[in-house]
Structures are given as C-alpha cells and as structure tokens.
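Q: What follows is a single structure, and I will ask about it in a moment.
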Protein chains: 2
Amino acid sequence: MSRSIFKRLVTVDEALNALKGHVKPLPLGIEEVKITETYGRILGEDIVAKIDLPPFSRAIVDGYAVRAIATSFASEVNPVKFKVVGRVYAGEGSSLEIKEKECIEIDTGAILPRGADAVVRVEDTSIDGDYAIIHSSLGKGSGVATMGSDVYNGQLVMEKGEGLTAEKIGALAGLGYGRIKVFLRPRVAIFSTGNELLEPGLELSPSKIYDVNQYSIGALVQSSGCIPIYLGVKIDNFEEIRGAIVEGLNCADAIVMSGGTSAGVSDLAYKVFEGLGSPGLIVHGIAAKPGKPTILAAIGDKPIFGLPGFPVSALTMYYLIVDPFLRSISGKKLETRKTLKSGLATRHISERGRREYLPVFLKRSEKGLVAVPILGGSGAIASLCSADGIVEIPENIELIEKDERVKVRLFPQVKVADLVMVGDPSPVSQLVLSELRRSGVRVRSEFRGLEHGLALIRSETADLLVACTPEDERALNLYDFPSKIAKIGSFKMDMVWAFYGEGALSSGSTLVLPKIGSGLRAHAEDRIRKMAKDFKVIEVWSYDAAVDQILNRRDIVALLPLRMAKKYGLGFVEAFPTSVNYLAYERLLSTRVGKRLLRIMKSEDFRSALAPI
Amino acid sequence: MSRSIFKRLVTVDEALNALKGHVKPLPLGIEEVKITETYGRILGEDIVAKIDLPPFSRAIVDGYAVRAIATSFASEVNPVKFKVVGRVYAGEGSSLEIKEKECIEIDTGAILPRGADAVVRVEDTSIDGDYAIIHSSLGKGSGVATMGSDVYNGQLVMEKGEGLTAEKIGALAGLGYGRIKVFLRPRVAIFSTGNELLEPGLELSPSKIYDVNQYSIGALVQSSGCIPIYLGVKIDNFEEIRGAIVEGLNCADAIVMSGGTSAGVSDLAYKVFEGLGSPGLIVHGIAAKPGKPTILAAIGDKPIFGLPGFPVSALTMYYLIVDPFLRSISGKKLETRKTLKSGLATRHISERGRREYLPVFLKRSEKGLVAVPILGGSGAIASLCSADGIVEIPENIELIEKDERVKVRLFPQVKVADLVMVGDPSPVSQLVLSELRRSGVRVRSEFRGLEHGLALIRSETADLLVACTPEDERALNLYDFPSKIAKIGSFKMDMVWAFYGEGALSSGSTLVLPKIGSGLRAHAEDRIRKMAKDFKVIEVWSYDAAVDQILNRRDIVALLPLRMAKKYGLGFVEAFPTSVNYLAYERLLSTRVGKRLLRIMKSEDFRSALAPI
C-alpha cells in the first residue's frame, strides 16, 4: 500500500492535487489526421503561418486593374480613359504589367498585375472600344486584398490546445494544411459494480435496478474529449472488480468505475489495488455531499477514479474531479467554468463540515433569475436532467436564507424555465402543457399530488398549481392556500371506477388511486365504501400507471377519468364528477406567460379537445 | 425553370421561407441505435416512463429497516430495542416482513421489507445480541427512496427533439432503454468551385489559393448535426458543376456548394439546375452584405445551397440560412440564438439598402463589454477565427456611432479579450504575449506595423502599442499619439543586416524590411544607402518571413534582430540599436491586466530571457 493514502476525508482540490502528484496531467501524444477528421479535436501544435494569406495581392471585385494615382482627378464630369492592354483570369498566372494610363481586365480572385495597385468595379466603368472609362477616383488598395493582409508569413495563428472550430479548420485549410497534428484522445475504460445492477434492455426482475452510471459516464467521457470503452456491470466482489481493473489497465489510458448503491469498490479499495503496481490507492473519501465514498488511485501513469454509486453523486464528482483531469490529458485548455449569481428560491440547510454541491434549475421570476434546488436525492438521475447547474456551499455555511445570492456553476446547456407547474396529475394538464410548449413557453412540470404541489407553491418555487377536487364550489376552501393565490381556470372531469372487461366491484379487491389531493382521496374512499367493503388501497403516481395495473392484474379497480377508461376500452361504472382547478399567484396573470395561459384555457380548440370521447 | 424564382434580391428570411415552401424542413426519419452510441444525437420519440424509478422502495443507507412509528419515543436516554429478524442484501428479493418491534438488517439499495417504512443508519444504532438499539426517533420515509419518487410510471420524461446529454442518457438507461430511437443524421454533400482553388496539402503554385470553404463548411455541417461528404474542388464550368450536383443528389440528402472567388455557381445558376427536376432554382441573390451571390435551389425534396466564394461571406450565410434548415431536418429543436447588447467600439458606416452582417470580437473595457468590428474583409478567414459573434445592421441604418448599443448574435464559443496588442512585430512581444497568456490574460494581437497599430490605438480598439524606433530618446516624439498615452516599458534590441552565409552587401540587391514604423524604416533606408546604392525594397509582415526570404533566395539582405540572425546561423553586419517601446493608455495601468503586464516587464526572468544569445 502506498504511503500517500490520506487517513482523513480530503477536499476536492486536495484530492485532485494528490492525484496530479502521481500522474502528470499531460497529453498522451500526438497523431496526424486528415483535415476533414479534425472537427472538435484539440490542436497538438502551434500553427505559425508558412505562407502569406492571400499568397499574392489579388482583386476582390470583377473590374479593371489600374494605378490608383492615375485616377486622381477622375469624376462624373471629367472621366479618365485607360487603354485595356489585356485580361487576367482567376487561377492563372500573368506576366502582364501596366503603365500609367493602361488597365487590365481582371476577375475577382485573380493575381494583381505588376504596376497596378487598385481595381475599379466593372459596374463603375464604361467601355469605349479598347478603352475603359473611369468616373471616380480610387484610393490605393481599393478593390484589392494585399498579400499577407489576412495572415502573414511568420504569424502565430493558433496555439496548441485550441479546440478546432469551423473557422479554425477553414484557416488551416487556407494555410495549406491537408493533415493536422492533434492530441491523441485518451481511451477511458468504464464499469459499474453492484449486485442489484442490470444492463438496460434486459428484463427488469424484482429487487434489481438498471445501471445508470456506465452510460452517463460514457457520455461525459466523450464530452471531456475521450473515447469510452464499456466493460459492463460487475458483481461486488474482489475477483470481479480486480479483473475489471486489470482489463481496464490493459485496454485504456484511464479507468472510471462506480459502485452500485451497495458496498462496492469503496469498501474493497484498500485491497483491490494491492500488487498491481504503484502508487495504488491515493485518496479514500472526499469531504463533499454528495460524493463522500469517492476514491482515487493510479497504477503507473494510469489514473483510476472510483465514483459513488448514486447517479447524482457520481455525476457531481465527475464534473469536479474526473472532467478537469481528463481534459488535461486530452490536451484541452481548461475553460473557466461559466458561473452566474442568482437568488436561491428556498431556504436551504446544509451539513457543517462537508462541502455541499446542490443541483439547481433556473427560473425566471419578477426578481430576475432564481436558482431552485432539485431535491430528488442523490439516487435521482431523472431529476438531474432538468438541472442547469450546481451551487457550491462551503463547509462552514449551515444555512442559506431564501433569496440569498449564491453562485451557480452552469452546466454547458442552460434552459431557464418560464413556468413551473405542479399538483395533481390530469389529462387536462397534459394538453395545457403541450399548448404552452407549442407557443414557446419553457415549462417544468412535476405532478406529484396536491400536497407536494402546495408545498412548492408556498415556497414560491412553483407558479401554477393543479388541484383536483369533488365538483363542489366549497371544495377548495379545505386547503390553506397562500394569500394572493387565485383560481384562474377550472374544468369538469368525470371520474369512473374502471376495471378489466367484465370484472366488477367486490369487497376484498384492491383499489388503485393515483396520487390525488387528500380531499379527493377522502371523497373517493368514502364513495367506494358505500358500494363495497374492505378495499385495500395502492397509490400510484399517474393515471397511466393505474391503467397499467388494470391491464396486468385483473382483480383491481382504479379511479380514472372517463376519457381514459374509454380510450383503453375498460369496463367502468360512474364514480363522481370532479373539477380540475388551476391556481396561480395573481401577479402571474399580468406576465406574457400568464396571458398566454389564459388565452389557451379559454380557446375554443382547447375546450373542444377536452370534450368526452 | 420554376416560376418561383425571385426577380429581385430577397432578405434572408424571405429566402429561407421560399425554400421551406418547396422542401419541408422535417426530419428524414428514425433509426434505433445502442444507448452507447447516442451521445449528441437527437431523440426521435417522446419518452413516457413504463416503470417507476426506483422500481421498488429501497434503502438509501446501510442500517436497519423499521416501522417509523415504533421509534416515536426513542431518545438517547430512552433507547428502543428492536429484534433483528433477518437481513436483505442489495439485488436480492425478500419475502421477509416485520412487525412493530422488529427490524431487518438492510444494505443500501436493497428492497424495503414489507411492514417497514424507514431505515435507521447503522451509525445511529448499537447492537445487543439479537437486538438493534435505536437512540432517536425516525420520520416515515427516512433513509428510504420511495418507489416512483424519481420517475413515475406514465411520466413524460423527455420529448422528441431533445439533444441527448449525459444526464438524459443516464435517465434512459435507468428506465431500461438499451436501444434508443434517434433522428437520422442527414448526409450533406459539399464542394467548392473556382479555377484558382487548390486542395490543401498540395504544393502552392502562383495565382492559386487553397480551398477554405469545403473544410469550414464540413465542420459546420457536423455542428448542425449532419454528416459531411466531401466532393472536392471543381472547375468553374457547366459540366463540372452539373456533374457535382448530380453526384451530390445521388449520395446525399442536401448539397452545400460554394463559388471560388471567381464567377462560379452564381453565374451558372440559371442553367445548371435545368432538367434535373423541379422546383430547380428558387432564390438568386440575397440583399445582405456579405452574402449577395447566395443561391437556393431544390431538386425534389433535396435542398441545394450555393454560398458565395469568399470564406467570411460563406460562413455568414451558412449561419443565417443553412444551419437553421439543416437543424430542422436533423430533428434538433431550434435554439433561440444567444444575443448580447454592447457598445460598438468604433464608428461604422454601412451601405443603405442591404442588411449588413458585421463580425465582431468582444473586449473588456472600463465601460463594460465592447464589440470590436473585425475588418479583414470577406476573404479573410483567419480574422474570423477570433470573432465572437455577428452584429446585424438593418437596411435603413447608414451610420452607427462609436459606443452606440448594438445587438451581438453570439457564436457558440465566446472568448472575451482582456487586452488587444498591436504595432511593430518584435521577438520581445512574443515573450510578453506568452507570459501574459500563461498568467491567464486573454490577449488578441495583430502586429501589422506602427501606422496600423496607431490607428487602432486612436480608435481605442487596441490597448497596448508596440513601437520600434531608433535608440534615441526623441524618436517617439515624431508620432502623434493620443493624449493620456504613456510609455510603460522599453527594451533595447540590436539590429543587423543579415544575409545567407558569406553573401555581402552590394548595390542592386534586394532589401527585405519587415513592416516596421515609418521612423525606423526611414532610418534603415538612410543607413543602407550610406553603404550601397540602388536597393530595391520588399516589405514583409514579420521577421520570420524575412528569414524565409533569405533562406530561399540568396541575393537579398534583411534587417533582423541580432538574436534572430544568430538563431538561424545567418551572416550579418551590425546595423544600429533600436528601442522596442510599449505604450498604453494610463488607465490600463490601474487594472489587473496592466499590473500583471508591468510585473512581467520588470521581472528578472524576463530581462534575462531577452539577453543576446
């Protein structure tokens, strides 16, 4: 075991520096590739021009090459005549030379004849036999691109480490480079460990989950300029993990592995690198939330990154540690990460002693942009899809107040939300959503029931709340809405008890309820008890999931909108009518988004789309 | 010929709409690819989750699964005992169930046993035989990720047209997608026409230039999500161009061609599409500067873009017309282009009646960001490498005043300059430059001589001016510097007359002078006339170019710094000592960049690096 192992948790910077102490973060080498293969690659040499660009002084208009001085007194009333003594075409050499009162017909791109220092546009001349007549005076250099005026011989045009964009590739072509030296792209072996992990595409079995990290890390590795090599899912034991490390060392320049959610690499870290070469294990544990069980190791000059199993933790540690290191060895200049100051949308309590990295999304509000924490937990990958960046909370900060300014490290793609929509699931909302999106409004939505939505509305994280209630004017009074919240629209939705084919309601079967507001839920349970006793209740997150349950298990009854029961051809009996209510802060109504929302909800098209099938 | 041809120049928007009237800008189709091949691709289907994520309620810590209610009164002084009735591992199913005062040992990631609704961390328990002792009360759901809490069955997770990022690929993996439907990437055939064009990599011959557009457009096509097919350089005649179009129609979904600087496609446009199919030519000429000779055509459902030959014009028209169209057919959602308001650094006069697209770079100044026009002309590709965006000047605007606010459409990569350095070329400046860059200062430099630099300093476009003069305190007095310009540093540089091997100065040979200030040039010519008569003078842009001249042609003499003559082993005789002077606005010195500059110029390391070899 190497003596360099830290006995304590280290910070992200300490960890990265410790690794750099063992493995130099330098490019692996150079390869020469055809210019057509260079888009997105990293230039591996300084480019000092060996020619002038343009390589000769040339016409940039079609016209006549002249000596500018000879046009000095030309004007509309006093035109000057030049004898046409020849013609030069683009791409052809010419030994022609002109004298004071002569000119030569010339194409755009053609070499400027000796003696000439300007080109007059053909539109600005007239022809009289062998003579071109010029009506205005020209400055020296007019209509001409001088040799070397774009790039001069000896000019440092580009530097090693620059990413090759379209403009740069064009410039390299113009300078005559048919092949270009670029840095080698490091190969990075990737695997996941965890007894509960399954490769996506296989059938899901109980107690298993699909592996996420191998694929998200594979994509990240490409964004860092490297080539991923996927080694698969490994069982959490010494032989499998060690085998994968040996395989990775053989086929790649670096390894990124991640534990499942179970013990994994982190627990085996002290043993698994032993005897493979020095330095072995370097860092075991990082003082960061998420990301604590991160390990760093190296065998020879090959770095090994062991990331936590939880997807959000793995991605966060990738951005902070793996990406900067892989960029260095891929030759990319380190970009200063883009940051933005904004208010935090909600009060946030952090753990003392560990640096916290909090994923957020950005939302437009009347106070400008606000950063809204994404609190899916570190296992929640889908929630992270909507993140715009990360807020870093130092070790000594325990509390950030609502609206306190924080620094957001932005992800490459930022999409600021115009509207956040929450509450009960409903087919009506799907229609509202797609109409809003069609008109260019960026909406984030999360339909996790009325209680969840109410909390987000109270914290002003969300703007629009969907509340399903029994069809009763007073139903909304049961809830404690913040002041300044108004009902902005309401739609009737008939609900039914739906079941498979001829199946019917009977005591002892299972009742499936989508996550709906407590008022509606109580109402539903109340009603069903009048029809049969002893229902066992399962909650699901959406009406679609309820339909799935009916189609898969036949002994159940689910509360569904009439439209959906009809759509899937289910048997049903009438339950009760409900109202789908839309509630928002009054200030929303005076905004562009609010006005669009009202217009959509009032439109004839929209109302007719909602009519029962 | 189609009746849809415009008889007048059209605007960019009219042109794009005319094309869309003939060719629907819709994706070409869908393919299903392995998840590992999806990075950067465009999602071709809406993703509605078919499972819950997590698929079951699971532990997110290692510990003991309990009923939360049974811990209600647990505290440090009043611990509660739970009987351990079993163990569940991650990845394993379990039929275990717990009752009120029982618990089950559980791994992170393992399925929550029936009856349990919370998991207490192993760190927060102690063990007493068959019992786990709990010292604090737990809330329901503590230590647990509930089934469906990340994604719920039926949730619309992603929409058709989204670009696949690492996070999204991870979410798709988590939902079990091993293969993913993505939009087909359109194949785009590219060729250039022009008798003067040469493929890069071949030897440059007189009157020829290297083809730029095929390669810059090839890279742009990739950035628009398409696959480029390079058809090569074509001669400017009907058969060649028509042949290339037919080839492109056979092998690709779209064609992007560009004229050389000579006549090219634009002149043949009326004939070359005839008889290939309808609609043929659609737009011939756009009211834009640069970009007037742009043509649009289509054969069947394949669009054909004919761009101008000048590289800057071609790129500008690509960004405005080709990119939006190709993005649509590649399935990408149109991103709203990023824009920025800033002051224009210099007065700019535009042509009435044509919309002008002016490439600019961004520079930090005490007034905030300013946009500096890049005036390399439309042939200048290298100048465009440093552009950060384009300012659009409407048809009816003839004049933009200095500091007037303009809207800059930003390119994908923006690098704001901290310092712009201009003036005479000098090896000293190369050292200053690399030291500045090493310390993280972004410098743009253009060493095109003192007169050129002086103009840029006067317009406040540049910050730092390099002036080479004879070593004489009064030499700088000859120049008309703006007030508030101060000399901030000065270095001695010995100059020599350099020549090949034993060659010597003689009348009638050629004298090569780098682009140096008029004072120095007069001084140099003066001196050489004292030694020999009838020198013919050639100007080059850099000392490197002068060395090239000496090594290639032996009958010349060049004015070079002593260091360079020695470095290349050239013969030389002493010429005269010069001063390399650095001048800047006084306000620069109080900035971070100015202070760093002064520190570099005063450093011991720097002075010693300048000592003669």
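The values are calculated or read from the model by the stated rules, or taken from the named source; none is laboratory data. Bear in mind that the values here come from a model prediction, so they are computed numbers and not experimental data. Positions of Cβ are backbone-derived with ideal geometry, glycine not excepted, and every protein chain shown enters the neighbour counts. The area values use the complete protein model at the heavy-atom level, side chains included, leaving out ligands, DNA and RNA. Shrake-Rupley method; radii C 1.70, N 1.55, O 1.52, S 1.80 Å.
Q: Quick check: Cα centre of the range B:402-435 to Cα centre of the range A:542-613, how many Å?
A: 57 Å
Q: Continuing with the same structure: If you project the alpha carbons of the range A:323-468 onto the principal axes, what extent comes out on each, in Å, largest first?
A: Between the extreme Cα coordinates on each principal axis of the range A:323-468 lie 52, 34, 31 Å.
Q: Another question, then. What FRET efficiency comes out for the pair residue B:566/residue A:160, r = Cβ-Cβ distance, R0 = 22 Å, nearest 0.05?
A: 0.25
Q: Right, next: From the gyration tensor of the Cα coordinates in the range A:58-145, what semi-axes in whole Å does the equivalent ellipsoid have, largest first, with each one equal to sqrt(5λ)?
A: Its equivalent ellipsoid spans semi-axes of 19, 13, 11 Å.
Q: Taking 0.36 nm per residue of sequence separation and subtracting the Cα-Cα distance, how much length would be gained by fully extending the chain between residue B:518 and residue B:87, in nm to one decimal?
A: Working it through step by step, the gained length comes to 146.3 nm.
Q: Any chance you could check the Cα centroid distance between the range A:147-222 and the range A:265-305 for me, in angstrom?
A: If you average the Cα positions of each part, the centres end up 25 Å apart.
Q: Using only Cα atoms, figure out Rg for the range A:426-610 and give it as a multiple of 2.2 N^0.38 Å.
A: Normalised Cα radius of gyration, the range A:426-610: 1.07.
Q: Moving on. Over the Cα atoms of chain A, what Rg and Dmax result, in angstrom?
A: Cα only, chain A: 34.8, 111 Å (Rg, Dmax).
Q: Moving on. Is it possible to state the helix-based mean residue ellipticity at 222 nm for chain B, with each DSSP H run of 4+ residues giving -39500 (n - 2.57), the sum divided by total residues, to the nearest 500 deg cm²/dmol? What is it?
A: Mean residue ellipticity, 222 nm, calculated: -6500 deg cm²/dmol.
Q: Let me ask something else about it. So the label point sits 7 Å from Cα along the Cα-to-Cβ vector; using that for residue A:133, what distances do you get to the other copies, in nanometres, sorted shortest first?
A: With the label placed 7 Å along Cα→Cβ, residue A:133 yields 11.5 nm.
Q: Also, quick follow-up: Sort B:9-16, A:8-15 for me by packing, meaning the mean count of neighbouring Cβ atoms within 10 Å per residue, highest on top.
A: Those peptides, ordered most packed to least, come out B:9-16, A:8-15.
Q: Taking each residue in A:538-549, count the Cβ atoms of any other chain within 10 Å of its Cβ, then average. What number comes out?
A: Partner-chain Cβ atoms within 10 Å, mean over residues of A:538-549: 5.
Q: Using a label point 7 angstrom from Cα along Cα-to-C-beta, what distances in nm, from shortest up, separate residue B:484 from the other copies?
A: Nearest to farthest, the other copies are at 4.5 nm.
Q: Regarding the range A:385-531, what's the average projected area of the Cα-atom convex hull, expressed in nm²?
A: Average projection, Cα convex hull of the range A:385-531: 13.6 nm².
Q: Let me ask something else. From the backbone phi of the range B:186-198, what are the Karplus-calculated ³J(HN,Hα) couplings (6.51 cos²θ - 1.76 cosθ + 1.60, θ = phi - 60°) in whole Hz, Gly and Pro given as x?
A: x, 8, 10, 7, 10, 8, 10, 10, x, 5, 8, 8, 10
Q: If you count, for each residue, the other Cβ atoms within 10 Å and average over each peptide, how do B:32-40, A:428-436 line up from highest to lowest?
A: Put in order of decreasing packing, that is A:428-436, B:32-40.
Q: In terms of solvent-accessible area of protein heavy atoms at a 1.4 angstrom probe, what is the ranking of B:367, B:484, B:566, highest value first?
A: Output order, biggest surface exposure first: B:484, B:367, B:566.
Q: Separate question: With +1 on each Lys and Arg Cβ and -1 on each Asp and Glu Cβ, how big is the dipole of the protein assembly as shown about its Cα centre, in debye rounded to the nearest 20?
A: Once rounded to the nearest 20, the dipole reads 1760 debye.
Q: Still on this structure, I have one more. Mind giving me the FRET efficiency for residue A:536 and residue A:574? R0 is 22 Å, r the Cβ-Cβ distance, nearest 0.05 is fine.
A: 0.45
Q: Given H placed 1.01 Å from N in the peptide plane, which residues other than close sequence neighbours of residue B:151 have an amide H under 5 Å from its amide H?
A: B:53
Q: Measure off, as a whole percent, the carbon and sulfur share of the 1.4 Å-probe accessible area of chain A, all protein chains present. It would help to have the intermediate numbers written out before the result.
A: Details: 12960 of 25980 Å².
Of all accessible area on chain A, carbon and sulfur atoms account for 50 percent.
Q: Placing +1 at every Lys and Arg Cβ and -1 at every Asp and Glu Cβ, with all other atoms neutral, what dipole size does chain A have around its Cα centre, in debye to the nearest 20?
A: Computed about the Cα centre, the dipole is about 1120 debye.
Q: Next question, about the same structure. Along the charge dipole of the range A:181-256, which of A:202, A:243, A:224 sits closest to the positive end, that is, farthest toward it, with unit charges on the beta carbon of Lys, Arg, Asp and Glu (+1, +1, -1, -1)?
A: The listed residue farthest towards the positive side: A:224.
Q: Sticking with this one: Run the simple label-point estimate for residue A:301 and residue B:554 please: 7 Å along Cα→C-beta, distance reported in nm.
A: 4.4 nm
Q: What nm distance separates the two modelled labels at residue A:404 and residue B:510, each placed 7 Å from Cα along Cα→Cβ?
A: That separation, rounded to one decimal, is 7.2 nm.
Q: Can I ask one more? Within 10 Å of each Cβ in peptide B:45-57, how many partner chain Cβ atoms are there on average? Round it to a whole number, please. Show your work: numbers first, answer last.
A: Details: counts 0, 0, 1, 2, 5, 4, 5, 4, 9, 5, 7, 5, 0.
Mean shielding count: 4.
Q: Enter the angle in degrees (range 0 to 90, nearest 10) between the Cα long axis of helix A:238-251 and the first principal axis of the Cα atoms of chain A, meaning the one along which they spread out most.
A: Between the helix axis and the principal axis of chain A, the angle is about 10 degrees.
Q: Oh, and also: Across the residues of B:160-168, average count of Cβ atoms on other protein chains within 10 Å? Display every interim value, and only then the final one.
A: Details: counts 0, 0, 2, 1, 1, 9, 17, 17, 7.
Across the residues of B:160-168, the mean count of other-chain Cβ atoms within 10 Å is 6.
Q: What does the buried accessible surface come to for B and A, summed over both chains, with the probe at 1.4 Å? Round to 100 Å².
A: 6900 Å²
Q: Further question on the same structure: In straight Cα distance, which lysines are under 17 Å from residue A:487, not counting same-chain residues fewer than 8 positions off?
A: A:595, A:602
Q: I'd like the residues of the range B:293-332 whose 1.4 Å-probe accessible area shrinks by no less than 30 Å² going from the isolated chain to the full set of protein chains.
A: B:310
Q: Additional query: Would you be so kind as to identify which of B:177, A:268, A:320 lies farthest towards the positive end of the dipole of the protein assembly as shown, taking Lys and Arg as +1 and Asp and Glu as -1 on Cβ and the Cα centre as origin?
A: A:320
Q: How big is the charge dipole of the range B:360-437 about its Cα centre, in debye rounded to the nearest 20, if each Lys and Arg gets +1 on its Cβ and each Asp and Glu gets -1 on its Cβ?
A: The dipole of the range B:360-437 has a size of about 280 debye.
Q: Are any of the pairs B:333/B:415; B:24/B:181; A:99/B:515; A:271/B:99; B:160/B:271 more than 30 Å apart by Cα-Cα distance, and if so, which?
A: Pairs exceeding 30 Å: A:271/B:99; B:160/B:271.
Q: Explain nothing, just the number: relative contact order of chain B, from Cα pairs under 8 Å at least 6 residues apart, as a whole percent.
A: 11 percent
Q: Same structure again: If you bin every alpha carbon distance in the protein assembly as shown into 10 Å steps from zero, what whole percent lands in each bin?
A: 2, 8, 14, 19, 18, 15, 11, 7, 4, 2, 1, 0
Q: Same structure again: How much FRET efficiency would the formula 1/(1 + (r/R0)^6) give for residue B:459 and residue A:608, where r is the Cβ-Cβ distance and R0 is 51 Å, rounded to 0.05?
A: Numbers: r = 62 Å, r/R0 = 1.22.
Here the calculated transfer efficiency is 0.25.
Q: Under a 5 Å amide H to amide H cut-off, with H placed in plane at 1.01 Å, what residues pair with residue B:468 once short-range neighbours are removed?
A: Here the answer is B:424, B:517, B:581, since their amide H atoms fall under 5 Å of that of residue B:468.
Q: One decimal, nm, shortest first: give the distances between the label point of residue B:160 and those of the same position in the other copies, each label point 7 Å from Cα along Cα→Cβ.
A: Result for residue B:160, in nm, nearest copy first: 5.0.
Q: Residue B:205 to residue B:130: extension gain in nm, 0.36 nm per residue of separation minus the Cα-Cα distance? Mind dumping the intermediate values first?
A: Numbers: separation 75, 0.36 × 75 = 27.00 nm, distance 9.05 nm.
Length difference between fully extended and current span is 18.0 nm.
Q: I want to check the label-to-label distance for residue B:240 and residue A:591. Put each point 7 Å from Cα in the C-beta direction and report it in nm to one decimal.
A: It is 5.8 nm.
Q: Expressed as an acute angle from 0 to 90° and rounded to the nearest 10, what is the orientation of the C-alpha long axis of helix A:427-438 relative to the principal long axis of chain A?
A: Taking Cα atoms only, the helix is inclined about 10 degrees.
Q: Out of A:447, A:497, A:524, whose Cα points farthest toward the positive end of the dipole of the range A:426-610 (charges: +1 Lys, Arg; -1 Asp, Glu; placed on Cβ)?
A: Toward the positive end, the furthest listed residue is A:447.
Q: Add +1 for every Lys or Arg and -1 for every Asp or Glu among the other residues with Cβ under 11 Å from the Cβ of residue A:586, and state the total.
A: Details: positive: A:484, A:487, A:587; negative: none.
Result for the neighbourhood of residue A:586: +3.
Q: Something else about it: Leaving out ligands and nucleic acids, note down the accessible area per residue over chain A with a 1.4 angstrom probe, in whole Å². Each step should come with its number before you reach the end.
A: Numbers: 25980 Å² over 613 residues.
Roughly 42 Å² per residue, with all protein chains present.
Q: Report, to the nearest 10°, how far helix A:543-552 tilts away from the longest principal axis of the Cα atoms in chain A, using its own Cα long axis and a range of 0 to 90°.
A: 60 degrees
Q: I've got another one for you. Sort B:511-517, A:437-443 by packing, meaning the average of other beta carbons within 10 Å per residue, with the highest value first.
A: Packing proxy ranking, top to bottom: B:511-517, A:437-443.
Q: Moving on to the next point. Cβ under 9 Å from residue A:118's Cβ, residue A:118 left aside: what net charge do those residues give with Lys, Arg +1 and Asp, Glu -1?
A: Details: positive: A:67, A:140; negative: A:117.
Combined, the nearby Lys, Arg, Asp and Glu give +1.
Q: Excluding residue A:191 itself, calculate the net charge of residues whose Cβ lies under 13 Å from the Cβ of residue A:191, where each Lys or Arg counts +1 and each Asp or Glu counts -1.
A: -3
Q: Oh, and also: Report the extension gain between residue A:14 and residue A:140 in nm, rounded to one decimal, defined as 0.36 nm multiplied by the number of residues separating them, less their alpha carbon distance.
A: Separation in residues times 0.36 nm, less the Cα-Cα distance, equals 39.2 nm.
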